[in-house]
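The values are calculated or read from the model by the stated rules, or taken from the named source; none is laboratory data. The model shown is predicted, which means the values in this text are computed figures rather than measured ones. Every residue, glycine as well, gets a Cβ built from its backbone with ideal geometry; the counts of neighbours run over all protein chains shown. With ligands, DNA and RNA removed, areas are computed over all heavy atoms of the protein, side chains included. Shrake-Rupley method; radii C 1.70, N 1.55, O 1.52, S 1.80 Å.
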Amino acid sequence: MDKTLSIAEVKDAPAHLPMNNVVKGYSLVSACAFTILGVVMLALALLTPTSIIFNGSAVVVGLDMFFKVAEIVFSLGMLHAAIMLWRMILDKKHMHSSIGILPGDGALANAFLYFGFAMTAFHLGYASAAIALAQFITVLVGLFFGAGGLVLSGVSKPARPLGHITFSLMLRDGVILIVGTILMAIAFGQLAGAALKPPQWNWISFLGITVPGMFLLIGREGIKARLETWRGPATFPRLLLTDALLVLGLAIMLYGSYSNLTLGVNGFQVGPKGNTVGLIVWIAAVLLLLVIRGAFRIAAAHKYNHVGYRMGSKLFYVIAIVIFIFGERSFLSGHAPLFAVGGAAPASALILLGAILLLVVGRSVSQKVRA
């Protein structure tokens, strides 16, 4: 009872304890999720039938074995991401410092690649619709928790200095943006369907269009952070440059996603069919990103390191990207941008909720900046 605490100690003490508890609690949730996802991915891969033909002394293995082996490899990769996170949790030194990005990045990379091989196997007739749907749902959960692992990494680290960026921070912020946006595109792509169904898949569209768009968005995060110190009259050209890169990266990535997941075709061999209303809606979304959101960011620039400001900016992004997706898809498909709801609406709503949590809450709490 003789011990006294200074006002500074009393004021600062509670600020660190809740964050530690949040980090530890969500670390356990993420590690359990990665473990369960890895086991489910592996079980679904093993349940896929395999054709092995014994021709005398020779054994002929079908192409389906190649897809099964790939799925098993990426399932084990997800389990490896779980092991990395479990090691960080059980290592007290790590829990007193921060969580790295490797578990989240590893989970996302393995989920994306598993997704590609699983959907390709399904459309080639090597897996049943039930197995493919289960794999699709598992990957969606994996994308959410993988991006959540990156959010966890950002929350556990101290705020970065203004204008300072590293490759790991650029990768973390860019990938959370990408995964949240892709989940939104998937949600709206499934919304009008009678039920949730496995999407299409085309490797050329994914690797040749979607992935370059992703790289552009990741690079844009680095440029945005480097130019944060541009204040005063330089604020407008800074925002114009970074938001123009955002629009370009989104247009490329979402075109690749539409060609890949919705059409299942080589995006280099098809072009937009054109729709005037869709083009107007698309332009309106771009103006919302560049002008309205830009004006908000300029007006509230003095609050750049406040969570409330970041959440407001991210909310503007979510509203704009919904319009962006409908406008771009309408222009590409030639159909009017109608909002249609089918039997898949409840599942789409869950996917959309996960996307909004990542884009608004996750990005806001992980992008901490100090002057």
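So for region 156-173 (the condition being closer than 26 Å to PHE324 by Cα and open to solvent by less than 20 Å² (accessible area, probe 1.4 Å)), does at least one residue qualify? Yes: region 156-173 contains one or more residues that are closer than 26 Å to PHE324 by Cα and open to solvent by less than 20 Å² (accessible area, probe 1.4 Å). Restricting region 55-74 to residues that are in contact with a strand residue (DSSP E or B) (Cβ under 8 Å, 6 or more places away or on another chain) and modelled with pLDDT under 75 leaves a set whose member that is nearest to LEU113 (Cα to Cα) is GLY62. Per the conditions (1) open to solvent by less than 40 Å² (accessible area, probe 1.4 Å); (2) in contact with a Gly (Cβ under 8 Å, 6 or more places away or on another chain), the sole criterion not satisfied by ALA194 is (1).
The single residue among LEU143, LEU113 that is in a helix (DSSP H, G or I), open to solvent by less than 20 Å² (accessible area, probe 1.4 Å) and hydrophobic (A, V, I, L, M, F, W, C) turns out to be LEU143.
Screening region 233-264 for residues that are free of Cβ contacts under 8 Å to residues at least 40 places away in the same chain and not polar (S, T, N, Q) and picking the one that is least open to solvent (accessible area, probe 1.4 Å) gives GLY249. Among the residues of region 187-209, write down those that are part of a helix (DSSP H, G or I), in contact with a Ser or Thr (Cβ under 8 Å, 6 or more places away or on another chain) and under 21 Å from ILE137 (Cβ atoms). Of everything in region 187-209, those that are part of a helix (DSSP H, G or I), in contact with a Ser or Thr (Cβ under 8 Å, 6 or more places away or on another chain) and under 21 Å from ILE137 (Cβ atoms) turn out to be ALA187, PHE188, GLY189, GLN190. A residue that is over 28 Å from LYS368 (Cβ atoms), touching a residue at least 12 places away in the same chain (Cβ under 8 Å), surrounded by fewer than 17 Cβ atoms within 10 Å (Cβ to Cβ) and touching a Lys or Arg at 6+ places or on another chain (Cβ under 8 Å) occurs nowhere in region 304-313.
If you go through region 332-346 and keep only what is in a helix (DSSP H, G or I) and either open to solvent by 50 Å² or more (accessible area, probe 1.4 Å) or modelled with pLDDT of 95 or more (or both), you end up with just PRO346.
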